[in-house]
Amino acid sequence: MRVGVIGGGPAGMMAALTLVEKNIEVTLFDEQPSAGGQIYRHIANTNPEEARRFGDDYVAGGDLVKRFQSASLTDKLTHISTATVWSVSEDREVAWSINGQSFSQGFSAIILATGALERAMPVPGWTNPGVMTAGAAQILMKTAGFVPKNAVLIGSGPLLYLVATQMLEMGNSPVALLETQNFQDYFRAMTKLRPGPVVFSYLLKGARMLRQLSRAGVKRYKGVYDVSISSDKNTHIIRFDINGSPYQIEAGSVLLHAGVQPNIQFSQSLGLAHQWNKINQCWEPETDAMGRTSREHIYIAGDGAGVLGADAAKLSGELAAMAVLHDHGFHVDAATEAATLANHRRYRSIRSFLDTLYAPKHWHNLPDDDTIICRCEEVTAGKVRDAVHLGCLGPNQLKAFSRCGMGNCQGRYCGLTVVNLIADTRNLPPEEVGYYRIRSPIKPVTLEEIANHDIID
Amino acid sequence: MRTEADFAVIGGGIVGLSIAHGLLNHGRSVICIDGTDADFRASRGNFGLVWVQGKGISAPHYAAWSQKAVREYPDFVAGLTDDTGIEVSLQQTGGYEYFNDPETMTERINQFTSLRKALGGDYPYEILSAEDIRAAEPMVGGETVGASYYPHDGHVNPLQLLKALAESCQKHGLSHYLGEKLTQVKHDRDGFRLKTLKGLEVTSDKVVLCAGLGAKVLGPMFGFKGLVRPQRGQVLVTEKLPPVLNRPSVTIRQVNEGAIQIGDSKEEVGFNDSETQSQMARIARNAIKIMPKLAQLRLVRSWGALRVMSPDGLPIYQESRTMPGAFLVTCHSGITLAATHSRNLSRWLVGTKDAPDLSDFSEDRFNG
Amino acid sequence: MADLYFYFDNKKIPFTHGMSVAAALLRAGITDFRQTQVGNLPRGPFCMMGACFDCLLVVDGMPNRQGCMTPAKQGIRISRQSAQTILEDG
């Protein structure tokens, strides 16, 4: 009995620890050199003082990582780091590549914990050098102590404020925040607000960040739409509208953030059932409350199942591990399971509010014809609309008509935009449009490795 | 869009659109009833070869039919590009089959010799030695012992070809219905009345069934046996490179955008178009034997697709005996045959005096 | 400890241990890493987490390397990537 966990973030680490505590052998595959995923990235190499700049949650993550690292010294838990998993087959064979060499191994059960990606925000100029995601800036701060200068952050969502305050802590204030949520979003979101301790602590955290930003003089523009970016080397002019009036602002770097979507590359490649999340406007794998998917012995934990944040991800990792134990004849304490489920459920309460407040906007979901929407193959929104008019019915036919989705990123940054464009042009709900057929290799790997890889028993 | 026409073409892939193209050229009105994005759609998953070499080894009439098809290709493509402005990147300067063991190569040479005789000398293949092929293709090395060569073989961008055909047909008045599923067929002296799941009703004098694997279910509705089965082929696609391959081979070709496409497999696995690690590994190993430098290239994506296979692998061209005016057209080489489907098969469908004799390709050959 | 550096188009780029090549280049003010194939447009890092494949560089002769997933190492030679990979000889 051996379980494979894909991903070294909070969900993956908790899943592994929960299983190891019950003496189950676990191999955890991690793309990074040290555990933590994206949210706790680099924490093992960061001293406490520096870590505090990224907030209490980051610091708390350090404890989890330490626990995980100790456990990986035992022979129950194998932590394979700097490993790029490029295939997980239906019969649970995992193939991975380290330093140009590939291996494969079979598992009794697989827990996918590959987290989430930032949603693409295709606006004119979003492919210009110097334009990155807010998450990218966070990674730069955590791993290189570097803050993009004179940054303007554009979009919506808690990460926007978190990154802005982290930049302040690092001594390099952003110039401004261009927030895309408007009055109607606040109104709609308020109807979703349910009182409770999770909600309260979240709102408190949010208020604290906004106060910090205001005291530092970071300008906030609200209700922003129709953003476009023109760049000349490291100077960017951002044009946008508010309430029908045009605005313009200059920036040294531009950071986009239109929310977070589950990373569905593995779940799609396995042919798992997915459902369309109407508020967050993305595909999510269908799971039960414990993380079981539509395929036996394959489970999903963390943001990869639906974006609920790091704390929920930890609980979700525990739940998936409990499901694995259940399904393979091991005892799970009913009270513990019930308590974890109840805790996990509490995170949905704030999520409904946040997702509604920060829902993606049609003007970047359905960009103008001239805007590139497939970065890899340089395909514009107009080309997608033309293809639909020529008879293209779905994302896979679209690949055939335009190469859109065929590039290196295999749809990670264009998939949802394509779904929205096709749905809009065909006048259908997005869930009827489907998604790209995702195939291995999930990340590129050499032919040599495909041809010859060591099969580990 | 019309609901009455001379011809209703069932299936809008490469075969259906090539036929529609030819029928429209004959001045006929055409409706195309096409399936959905979820259908298997072999036109999206093929290697893109315009190919004669190796076909019809034991069926000279098929080799001859394929030869005719590739000889008409340049003209056909030029016409499409003139009509639509779409470049389909046809390169037809010959193609290879590589051999990495002398026995297989000898067997092939013998087969070609017999075939040339059967075709009255009209089969212009050549054999290249290990040295010759390395000189002709610098990427070739490793275990390669030689290659066969056919001068009219080549490759095309099959997706651009499909797009050009779709646009050309639309331009010339094709009524193209998408996302449809045929559920009812009525036939009488006046012709055919067809109904789809979504409620579309179409009337036509004649019907051409070219819906690929759909012929299994739809064929009997028109009185055909519909003897098609899926055969899976898997393909690997590498990162993009500057031009390094001069000519395509039956399993390795460089597409016009730069990636190298590597096949293939022939698997009987039913309606399953998934990729498998074992086949991907085998395909990669075989390719590296022929071209060792491929080993360091990165695979960006793989795919599997289902060929539309008749029992002997040859096309089926059949007019229905129980419903005259209904025709079955099925093959697994829709790309190669696109030109001849447009130009020559259309004559057979229309019933002109100079129509080709296709009796060798009827379903009768499968009778016991 | 001596200052660490690697070469980018023959220019010395300083870095500290643990940084990715992409991070070090951004810190040095370099945001354009390559030219695209179709439009010949400049691109640089976008996601910094190995998902977007925009930060591709040639690292010690090996093309199509994701800069954000390549740890900076003393003395390695990195260059901008032009439109396509070049195959290595031998």
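No lab work stands behind these numbers, since they all come straight from the coordinates. Since this is a predicted model, take the numbers as computed values, not measurements. Methodologically, a virtual Cβ is constructed for each residue, glycine included, from the backbone with ideal geometry; neighbour enumeration extends over all protein chains shown.
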Inset, instruction - Select from the range A:407-421 the residues that are out of contact with any Phe, Trp or Tyr (no Cβ under 7 Å at 6 or more places or on another chain) and within 11 Å of A:N365 (Cα to Cα) and write down the one among them that is nearest to the other protein chains (Cβ to nearest Cβ). - result: A:C414
Legend entry - Qualifying strands (runs of 3 or more DSSP E) (wholly inside the range A:36-147; at least 3 residues being within 30 Å of A:R292 (Cβ to Cβ)): A:77-80, A:84-88, A:93-98, A:101-106, A:109-112, A:116-118
Inset, instruction - Would you check if there is a residue in the range A:75-88 being over 30 Å from A:I455 (Cα atoms) and either within 14 Å of chain C (Cβ to nearest Cβ) or out of contact with any Leu (no Cβ under 9 Å at 6 or more places or on another chain) (or both)? - result: no
Inset, instruction - Test B:L245 against the stated conditions and say whether it is of a type in the set (A, V, I, L, M, F, W, C), over 18 Å from the mean Cα position of the chain (by Cα) and at the interface with another protein chain (Cβ under 10 Å from one of its Cβ atoms). - result: no
Legend entry - Lone unmet requirement of (1) over 20 Å from B:S302 (Cα atoms); (2) more than 10 Å from every other protein chain (Cβ to nearest Cβ) for A:C404: (1)
Inset, instruction - Kindly provide the set of residues from the range B:316-348 that are outside any strand (DSSP E or B) and either surrounded by fewer than 24 Cβ atoms within 10 Å (Cβ to Cβ) or of a type in the set (D, E, K, R) (or both), ordered by number. - result: B:S320, B:R321, B:T322, B:M323, B:P324, B:G325, B:H332, B:T340, B:R343, B:N344, B:R347, B:W348
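Conditions (1) within 10 Å of another protein chain (Cβ to nearest Cβ); (2) among the polar types (S, T, N, Q); (3) buried (at least 22 other Cβ atoms within 10 Å of the Cβ), marked per residue:
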position: A:W363; (1), (2), (3): no, no, no
position: A:L390; (1), (2), (3): yes, no, no
position: A:K443; (1), (2), (3): yes, no, yes
position: A:E449; (1), (2), (3): yes, no, yes
Inset, instruction - Output the residue which, of all residues in the range A:124-168 that are of a type in the set (F, W, Y) and within 12 Å of chain C (Cβ to nearest Cβ), is surrounded by the fewest Cβ atoms within 10 Å (Cβ to Cβ). - result: A:F146
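Residue-wise test of (1) touching a Pro at 6+ places or on another chain (Cβ under 6 Å); (2) within 22 Å of B:H341 (Cα to Cα); (3) touching a residue at least 40 places away in the same chain (Cβ under 8 Å).
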residue	(1), (2), (3)
B:A166	no, yes, yes
B:E180	no, no, yes
B:Q184	no, no, no
B:L197	no, no, no
B:V202	no, no, yes
B:V208	no, yes, yes
B:L213	yes, yes, yes
B:G233	no, no, yes
B:V237	no, no, yes
Inset, instruction - Check B:I33 against each of (1) within 14 Å of another protein chain (Cβ to nearest Cβ); (2) under 19 Å from the mean Cα position of the chain (by Cα) and name the one condition it does not meet. - result: (2)
Inset, instruction - Sort out which residues of the range B:262-284 are more than 12 Å from chain A (Cβ to nearest Cβ) and either crowded, with 21+ Cβ neighbours inside 10 Å or part of a loop (DSSP other than H, G, I, E, B) (or both), and write them in order of number. - result: B:G263, B:D264, B:S265, B:K266, B:E268, B:V269, B:G270, B:F271
Legend entry - Residue that is surrounded by the most Cβ atoms within 10 Å (Cβ to Cβ), among those in the range A:100-118 that are in contact with a helix residue (DSSP H, G or I) (Cβ under 7 Å, 6 or more places away or on another chain) and among the aliphatic types (A, V, I, L, M): A:A113
Legend entry - Candidate set: the range A:150-181, residues that are of a type in the set (G, A, S) and assigned to a strand (DSSP E or B); chosen: the one nearest to A:W363 (Cα to Cα): A:G155
